[in-house]
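Shown next, in structure tokens, is the structure this report addresses.
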Amino acid sequence: MASSDPKERQKLIGKINEFTSLKAKKQSPWMEFTNTLFIIGQSHFELFSVYIINILLSLDYYILTTMIPLYFTQEQGTSDTAAGVIFGLVGIVIGIFAIILGPIINRFGCRKSLICASAFTLIGFLMVLSTRNLIVNLIANILFLSVGCAMSWSSVELGAKLFTVEKARNTSNSLLMMGNFFSGIIAGVSIDWIWITDTDLDHAYFLIYFTAAVAAGLSLVVSFTITDPTENIEEEETEEVQFSFELFKSKKFIRFSALILLITVLRSGCFGHLDATFPKYLVRQSGGKAHFGAYLALHSITMLVGALGFTPLAFVLSSYALIVIGGFLGAIAPLILVFGMNSMFCMIFVIIISCGECIWIPRLLDYTVKIAPKGTEGIYLALCNCPFYFAMILTGVFSGSLLEAYCPEDDNSNCYKMWFVIGLSTICIPIILVIFRPWLEEPEMKSELEYVVIKEPELKYDRVSMG
């Protein structure tokens, strides 16, 4: 943590100025990356509280999305298609609320938004734990848990921006994603251990959802430790834009919305099936207790390592280019499973699709934070998260239909065809992103890699970011 001693703070400011001087232009991408890690290490403690909350609420999200298809099929007796529709409804409600609540999150601030997100998530999981009633479970998933998720990511991302200086935001966003992936490891290991060792299916579900409720409760406690800054971490030269419906008519917003729409289709066509389709596929192919939690952990481990390892690429290639590269990897991953179902092919599938995600997800966040006009960050961040939410309805319906058509419970001989359809239907999206790049990429982002010298920090920068 940063020292409160004025002399020590001045030394730290001097070091940051040295890191961001013109000499840094000659440094390697890896050296620039390590320099930003130093800057983050001197940030105010609220930034680290945001990182912790991100881990806890991400754990809840992983448990929610991984268990919905299995839970409603096995515990509530719904069909694959019905479970897929429920999975999709959760996603679409999250997306709708994320957009509606975007401006509210800006007005509430980081602290109040995170408290609300944690409280809604906690109430939702407590409702699932209290009863197996279908109506109550639907309300818990589609209303309370959806609202909690809708507020969580935008609030966490807003907090990360508020408590990180601009020079270090690329790396901070990668660390944010690493926390998310670390949650996936915890979720995968926990689910796999409970799923394999507990012979009582009802008790297994209880333990899994109890873990999620504990995480939400801890997140609520940590949220109260955050104090919103009265001013930004640093003086930004961006002109403030008041939120109004005129925002939706701007070329920047329309261009960004088109990009998000394509990424939403991309995620629904490949990345989303890791949650909605892959667990059921493993259970039906292996006949019973499958280690889908272990593959979820592998997914998160790959993304945890990749988020850090691929970050230097952000100093070499543009955010848009990295989004396209990540999309191509995700699109070709399902085709691996066409060759058969064994541990090697499953591992290759998970690793490739994970590499794709850990490349494009942090860079989409970078892209969003850089183009969002001041005062409208909430709505832009809400749109940035739409691929994770609205994709769920497309993935859910598509997944249920494909499972019933090619991989039903009583016949797994044609499951490979399902992955062939998924792969071919998705590969066109990265191609479209390449062809229509001149119209989709924000013009100001084409020079995003040009070096910018940070000016002498002012007193308020010293006070907030240095502790």
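Rounded to whole Hz and in sequence order, give me ³J(HN,Hα) for the range 169-185 from the Karplus expression 6.51 cos²θ - 1.76 cosθ + 1.60, θ = phi - 60°, writing x for Gly and Pro.
With coefficients 6.51, -1.76 and 1.60, one gets 5, 4, 5, 4, 5, 5, 5, 4, 5, 4, x, 4, 6, 4, 4, x, 5 Hz.
If amide hydrogens are placed 1.01 Å from N in the peptide plane, which non-local residues have theirs closer than 5 Å to the one on residue 228?
111
Can you give me the long-range amide H partners of residue 374? Hydrogens built in the peptide plane at 1.01 Å from N, cutoff under 5 Å, separation of 5 or more residues or another chain.
Long-range HN contacts for residue 374: 241.
Which whole-Hz ³J(HN,Hα) couplings does the range 269-281 yield from phi under the Karplus relation 6.51 cos²θ - 1.76 cosθ + 1.60, θ = phi - 60°, glycine and proline marked x?
x, 9, 4, x, 6, 5, 8, 7, 10, 4, x, 5, 4
Under the rule a/c < 1.5 gives rounded, and otherwise a/b versus b/c splits prolate from oblate, where does the range 114-204 land using the Cα gyration tensor?
Oblate is the answer for the range 114-204, as a/c is 1.5 or above yet b/c matches or exceeds a/b.
Give a residue-ordered list of calculated ³J(HN,Hα) values for the range 108-113 (Karplus: 6.51 cos²θ - 1.76 cosθ + 1.60, θ = phi - 60°; whole Hz; x for Gly, Pro).
5, x, 5, 4, 4, 5
Applying a 10 Å radius around every beta-carbon, put 349-357, 256-264 in order of their mean neighbour count, most first.
Going by the mean number of other Cβ atoms within 10 Å, highest first, we get 349-357, 256-264.
Where does each of 211-224, 294-307 land if you order them by average Cβ count within 10 Å, highest first?
Per-residue mean Cβ counts within 10 Å order the peptides as 294-307, 211-224.
Take the alpha carbon atoms of the range 245-311, find their center, do the same for the range 118-160, and report the distance between the two centers in whole angstrom.
20
Computed from the coordinates by the stated procedures, all read-outs in this text should not be read as laboratory data. These figures come from a predicted structure and were not determined experimentally. Positions of Cβ are backbone-derived with ideal geometry, glycine not excepted, and every protein chain shown enters the neighbour counts.
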